[in-house]
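First the structure, in the form of structure tokens, and then the observations on it.
The values are calculated or read from the model by the stated rules, or taken from the named source; none is laboratory data. The structure presented is a predicted model; accordingly, all values stated were derived computationally and were not measured. Glycine also receives a Cβ, built like all others from the backbone with ideal geometry; neighbour counts cover every protein chain displayed. Note: accessible area is taken over every heavy atom of the protein model, side chains too, but ligands, DNA and RNA are not part of it. Shrake-Rupley method; radii C 1.70, N 1.55, O 1.52, S 1.80 Å.
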Amino acid sequence: MTRSDEEEQAVRAAMEGELRLLDPAVRASNEAVNALLDPEFTEFGASGRRYDRTSVLAVTSAADEDDPGPSAATEMTGALLAPGLVHLTYVTERNGRMFRRSSLWRQAGERWRMYFHQGTPAGASRPAADYPADSPEAAD
């Protein structure tokens with residue numbers, strides 16, 4: 001396996017985990033969330049609060065499965081920082097507000113788990129008219 005194949009597989013695995021965590025059905029299941037969070041997980045939320053794995057599980061278990069949560073992730077990119085460590089960045093929108101997000105995913109055996117996450121408010125969402133006509137965002 002070449003270095004680029006290794007990096008591609010690692011980034012893909014982290015992205016798949018990230019997208020699962022954005023799924024309301026996954027977030028409604030403590031078991032599913034627990035499987036995706038590293039035992040040493042830490043988050044700095046968009047509110048500025050610090051969360052650990054236990055506090056995130058309490059919040060997600062109280063979430064309503066019918067709550068759509070944030071919009072789909074856009075602008076997602078990833079990089080293998082070191083063997084078994086991937087950094088992802090992306091954007092979500094919720095209730096007319098945009099958030100820039102950053103996550104670190106750590107590999108343990110065959111499993112990838114989120115080790116760190118940060119959400120930062122980035123202002124109001126841009127109306128579709130602000131995007132170039134040929135961009136995917138213009139169709140939203």
Any idea which of (1) modelled with pLDDT of 90 or more; (2) surrounded by 14 or more Cβ atoms within 10 Å (Cβ to Cβ); (3) not in a strand (DSSP E or B) is the one residue 55 doesn't satisfy? (1)
Check on residue 133, out of contact with any His (no Cβ under 9 Å at 6 or more places or on another chain), part of a loop (DSSP other than H, G, I, E, B) and at pLDDT below 95: yes
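Yes/no matrix, rows are residues, columns are (1) over 14 Å from the mean Cα position of the chain (by Cα); (2) at pLDDT 85 or above; (3) surrounded by 13 or more Cβ atoms within 10 Å (Cβ to Cβ); (4) closer than 29 Å to residue 6 by Cβ:
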site: 63; (1), (2), (3), (4): yes, no, yes, no
site: 80; (1), (2), (3), (4): yes, yes, yes, yes
site: 83; (1), (2), (3), (4): yes, yes, no, yes
site: 100; (1), (2), (3), (4): no, yes, yes, yes
site: 103; (1), (2), (3), (4): no, yes, yes, yes
site: 114; (1), (2), (3), (4): no, yes, yes, yes
site: 123; (1), (2), (3), (4): yes, no, no, no
site: 128; (1), (2), (3), (4): yes, no, no, no
Scan of the range 1-50 for residues that are closer than 24 Å to residue 80 by Cβ and part of a strand (DSSP E or B), ordered by number: 37, 38, 39, 40, 41, 42, 43, 44
Hey, does the range 66-73 have a residue that's on the phi < 0 side of the Ramachandran plot, of a type in the set (S, T, N, Q) and modelled with pLDDT of 80 or more? no
Would you please name the residue that is nearest to residue 78 (Cα to Cα), looking only at residues in the range 17-52 that are among the acidic types (Asp, Glu) and free of Cβ contacts under 8 Å to residues at least 60 places away in the same chain? 23
Looking at (1) open to solvent by less than 30 Å² (accessible area, probe 1.4 Å); (2) modelled with pLDDT under 85, which is the only condition residue 32 fails? (2)
